[in-house]
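Notes to accompany the following structure.
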Ligand SMILES: [Zn+2]
């Protein structure tokens, strides 16, 4: 007897997650200047950020690299 798949790992769920990630990437790529704010202010555990211009979301590592890049560019 085959073990039933958990609801989180169905093909439909994985397809939906993939499409959501592609849509998020498209929003981020089309944005001319991100203005990120924390989604959960005060939370440092697995914080994510959302852009006020494009509604794209990034994780904390991507946010830090973007912020650092902006700082480096401002120093030129
Ligand atoms: Zn943006």
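Things to note:
- For the residues 11, 21, the requirement of being modelled with pLDDT under 95 and more than 14 Å from the ligand (Cβ to nearest atom) singles out 11.
- Residue among 70, 75, 46 that is out of contact with any strand residue (DSSP E or B) (no Cβ under 7 Å at 6 or more places or on another chain), within 16 Å of the ligand (Cβ to nearest atom) and free of Cβ contacts under 8 Å to residues at least 60 places away in the same chain: 70
- Residues that are closer than 24 Å to residue 17 by Cα and more than 9 Å from the ligand (Cβ to nearest atom) were ranked within the stretch 33-42; the one that is modelled with the lowest pLDDT is 40.
The values are calculated or read from the model by the stated rules, or taken from the named source; none is laboratory data. These figures come from a predicted structure and were not determined experimentally. Neighbour counts run over all protein chains shown; Cβ positions are idealised from the backbone, glycine included.
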